[in-house]
Amino acid sequence: MVYGRSRKPLRLLFALIFGVNICLSQVLFAQKQASSDKHLPKSQQFEKMLESAMDHLYTSTDSVLYYIKKAQSRAKNLNDDHYIARVHMHYGIYYDVISDYDSAIYHYHQAATIGERGDSIKPLLQDVYYYLSILYEPLNETKKAMIYAQKSLQIALQLHNWGDAAYTASSIADIYWNNGEYQKAMSTYHKALEYAPPGMPVSFYFTSYTNMGSIYIDWGEKLDSAKHFFDEAYLLSKELNENDVEYQMHAEANMFKYYFDAGDYAKAKYYLDRAYDFIPRLNSPYLTSFFYQYYSDYYAAVDQMDSAFSYLQKHYHLRDSINGFELKQNRQEMEAKYETAKKEKHIAQLQNRQKIDKVRKQILLTIVIFTAVLFLITFVFFLVNRKKSRKLAEQNEIIQRSYNEIENLIRESHHRIKNNLQVVSSLLKMQSKNVKSEEARASLLEAFNRVKTIAVLHQKLQGSQTFTVIQLREFINQLTDSIRGSITANNDDITIYTDIDELEVSTDQSISLGLIINELLTNSLKYAFEDGRGSIHIDLHEQDKFLNLLIVDSGKGFPEQFNPLETSSLGFKIINSLVTKLNGQISVSSEKGARVNISFPYKQEAA
């Protein structure tokens, strides 16, 4: 967790309980205030409008929009780029808050375009670039987030805004960290500490030291350096307010991470227990689930597998409960909307019935006998059709409910299968850490990857709309990331390229294809590159109703006279069996590395 300047300061929930009455009262108050401010210069009126907009940012989005529009009308009269750019920036903040990200990006870019015309409004341009950075990062637009963060930092340094420079540099360091560029992340954090002026909050230094120590842990080297920064954060935690429970908890958790990675499990358990003592005060199921995972890792490390498995079950159970709570909230919101719509429809029906009754009375007063007969016929026809309509509506409702139940059961089945496979894969990986035989450890990790492949497939099926076909490109890209992350060898200098057609294939073909890619990619990552450098290309294209899979690496290639159909390798036995199941053919060659080509009929099931 990152402290200090918020990574997303505008993501806040608003108190809707104030309702329409508060919004109306605020608008009326604003109108009175505007009339009393008419004697002020337009520039001061503009400033007051934006100030009022920000004052209502946490209470009423309607009022925020009202004041920004007022400020916009005054900016047009002032005809100054500075005022117009500020209006666009505040529109961006407003749309950012209500999660309309496309509109927020549009207005931020409008403000940036105006700000880039000259040097007079550089402080505003610095803020706009920073807002764009923190908006793009959670949207997985990492490159754009980095570009705008660096632009913001450059302006902050030019203006000698050292506090803003320190926070922005730490944000850039976090982007490097998330991308696995640990050396750049550490270098940038050191720069952030250099930029920090006297009087910076203690929380800034605590967060920086905590993150720098965690980077060394993720880096997998220089544990003494990680310990140094964790010690600094631990000392700073004593200077924080006693009510800053989360900081205290993280200070203890830092020490657990160090001693656990250092293999001193007794001290690791001591600090883990101290950190967990703060959890009841934080009352966070999300953090509690993480600590269950930590306890599971600890007990697995000391070979107490029953306890490790128990905590792992608690972790998955609590995580599922959190997901279930969120689903329940969404369902309650939908039910509330449904009930409101139902009431509105009922009122409209009552109003329509009143109008019909009035017309009927007028007709009865003018044409008694004819209208009576006509009314009787109409009424009988109405009853018969209403009965048929109700019966048809009930049947449709039953069918729809049955369909929804079946869909939910299928989705829940895939969810439970995925969770069970995750538990199995976690147990396999924990067991691999405790066996002494390298051959047994390798076998367990290979089994872990095969189970993980099927788990990824069920995860995709859980989110699918059809449950019978898989989006191939997304599945294979996620699969390759998972396989690469599970290989413990240092493969940072091995680049994996994928070129996959946008295809939908049946679940049976997806399982076979995923297992084949798992075996071939694992084999290349582990054995192909003697110096730890190289590249792997995975191409999958459809041609003439056949799928052609080509996996090529730049490694040392296959042994001479290698025959995939006669080898004793378990991996190629699995591949041969799967290729036979797909009614396909396999060929291998060594041309500047290993080259495997598999072709099989493309069979897409109906959605």
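Laboratory data are not the source of any read-out in this text; all were calculated from the coordinates shown. On a predicted model such as this, the values are computed, not experimentally measured, just so you know. As a convention, Cβ positions derive from the backbone with ideal geometry for all residues, glycine included, and neighbour counts pool all protein chains shown.
Observations on the model:
- Charge sum, other residues only, whose C-beta stays under 13 Å from residue 294's C-beta, Lys/Arg counted +1 and Asp/Glu -1: 0
- Taking the number of Cβ atoms within 10 Å of each Cβ as an exposure proxy, the fewest-first ranking of 322, 68 is 322, 68.
- Exposure proxy order (Cβ contacts within 10 Å, fewest to most) of 580, 210, 188: 580, 188, 210
- Annotation: extensible slack from residue 569 through residue 158 equals 141.8 nm (criterion: 0.36 nm per residue apart, minus Cα-Cα distance).
- Database remark: amide H of residue 546 closer than 5 angstrom to the amide H of 602 (H placed geometrically; neighbours at sequence offset of 5 or more, or on other chains; Pro and chain starts carry no H).
- Antiparallel bridges, percent of DSSP beta bridges restricted to region 477-601 (to nearest 5): 75
- Shape call, region 489-585: gyration tensor on alpha carbons, a/c limit 1.5: oblate
- Summary value for region 68-194: 15 percent relative contact order, contacts being C-alpha pairs under 8 angstrom separated by 6+ residues.
- The ranking of 174, 306 by Cβ neighbour count inside 10 Å, starting from the fewest, reads 306, 174.
- Annotation: extensible slack from residue 378 through residue 481 equals 30.3 nm (criterion: 0.36 nm per residue apart, minus Cα-Cα distance).
- Spin-label model, residue 178 to residue 365: label points 7 Å out along the Cα-to-beta-carbon direction sit 7.2 nm apart.
- Cα gyration tensor category, rounded, prolate or oblate, for region 143-285 with a/c compared to 1.5: prolate
- In this calculation the C-beta distance from residue 591 to residue 222 is compared with R0 = 51 Å, giving a FRET efficiency of 0.80.
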